[in-house]
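The values are calculated or read from the model by the stated rules, or taken from the named source; none is laboratory data. Because the structure is a prediction, the values reported are computed rather than measured. Cβ placement follows ideal geometry from the backbone for every residue including glycine, while neighbour counts extend to all protein chains displayed.
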Amino acid sequence: MMIIDSQVHCYAANTPDRPWAHTPVGWEMPSVTGDQMVVAMDKVGVDGAIYVSPFNLYSYDTSYAMGVQRAHPGRFALVTRVDFDKPDVAEKVAEWKKVPGAVALRLGMPKEQGLAADNPGIDRMLRAAASVDMPMNFLCWGNIDVGTQVIDRHPQTRFVLDHLGMMQPRTKPAPADVWADLPKILELAKRPNVVIKVSGACTMSHQAYPFADIWEPLARVFDAWGFERCLWGTDWTRAAAVVNYEQAVEPFRVTDRLSESERAMLMGGACAKTYGWTPKKG
């Protein structure tokens, strides 16, 4: 079975030669390089990963991400953000499409940013992504109502809804209402231009490893979206303060809640189809 992690973040140490934009809360490790990420993946049988350049650390600078992909071209595909406030956003989208290993862009609209659904720059970026057939990873956790409005404004754009569309904790314990937006996420499944990342799910558990209480709400997600539209992922290293990499992989790899065909689609098949990318171990 081919296993693809739909979201990981790699980064170098914060040094004067490669300074971080700022130090985000919950990033417990001083560095997790591309080489270290490959070691962690190999340990648990993950063939490849969608590497999302960590915006909090590197902003729009993709040089580290591109270096990781060059070092491990068969193991990582790339996702980044572009600055939708700039007038050349469409050109930046087209340029990213040509970068080796680039498979998607990312839009972040958490509630605290106060972005409107009809933001002109976001509209331009999403139209540009549709024009080059590049999926848009969409982080709108805690802001799913506005996120749904954005999706409905752009039916020609392919969206990948990040992290089950729900706010996920960076530290233990998970809030009691961590699944509160689940009904809205099930309703969103009616939009045919959206797939959903089942990423970071283990951080939403109220129980210890192997996080048995996540399966009931996840079953509702699988029923509404279908396994061909569900992309498993760890969201590691963002989730590192809650789970280690093995703990984020094994509950899905060994559970008897999934058939072998469901597991194969959830843990690799849907991701390969969405991004048009298949890992190759060298």
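The figures follow:
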quantity	calculated
Residues of the range 230-253 satisfying the condition of being under 13 Å from Ala40 (Cα atoms), touching a residue at least 60 places away in the same chain (Cβ under 8 Å) and crowded, with 24+ Cβ neighbours inside 10 Å	Thr234, Trp236, Val249
Residue under evaluation Pro120, criteria (1) within 22 Å of Arg153 (Cβ to Cβ); (2) in contact (Cβ under 8 Å) with a residue 24 or more places away in the chain, criterion not met	(2)
Leading residue by the ranking (surrounded by the most Cβ atoms within 10 Å (Cβ to Cβ)) among those in the range 174-216 that are farther than 25 Å from Gly269 by Cα and aromatic (Phe, Trp, Tyr)	Trp179
Matching option when the condition is in a loop (DSSP other than H, G, I, E, B), more than 14 Å from Leu161 (Cβ to Cβ) and either among the aromatic types (Phe, Trp, Tyr) or touching a helix residue (DSSP H, G or I) at 6+ places or on another chain (Cβ under 8 Å) (or both), among Pro210, Pro217	Pro210
Pick from the range 41-60, criterion surrounded by fewer than 23 Cβ atoms within 10 Å (Cβ to Cβ) and touching a residue at least 40 places away in the same chain (Cβ under 8 Å), ranking: nearest to the chain's Cα centre (by Cα)	Pro54
Residue match in the range 175-193 (condition: in a strand (DSSP E or B) and modelled with pLDDT of 95 or more)	no
Qualifying residue in the range 151-165 (condition: more than 23 Å from Arg229 (Cα to Cα) and β-branched (Val, Ile, Thr))	no
Residue under evaluation Gly101, criteria (1) farther than 27 Å from Val39 by Cβ; (2) surrounded by fewer than 21 Cβ atoms within 10 Å (Cβ to Cβ); (3) small (Gly, Ala, Ser), criterion not met	(1)
Options Leu107, Leu57, Leu115: the member that is modelled with pLDDT of 95 or more and touching a Phe, Trp or Tyr at 6+ places or on another chain (Cβ under 7 Å)	Leu107
1 or more residues of a type in the set (D, E, K, R) and closer than 29 Å to Ala129 by Cα: qualifying helices (runs of 4 or more DSSP H) within the range 221-282	270-275
Qualifying residue in the range 119-127 (condition: under 17 Å from the mean Cα position of the chain (by Cα) and either closer than 25 Å to Tyr51 by Cα or among the basic types (Lys, Arg) (or both))	no
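One line per residue, one yes/no per condition, for (1) acidic (Asp, Glu); (2) surrounded by fewer than 21 Cβ atoms within 10 Å (Cβ to Cβ):
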site: Leu105; (1), (2): no, no
site: Gly108; (1), (2): no, yes
site: Gly114; (1), (2): no, yes
site: Asp118; (1), (2): yes, yes
site: Leu126; (1), (2): no, no
site: Asp133; (1), (2): yes, yes
site: Phe138; (1), (2): no, no
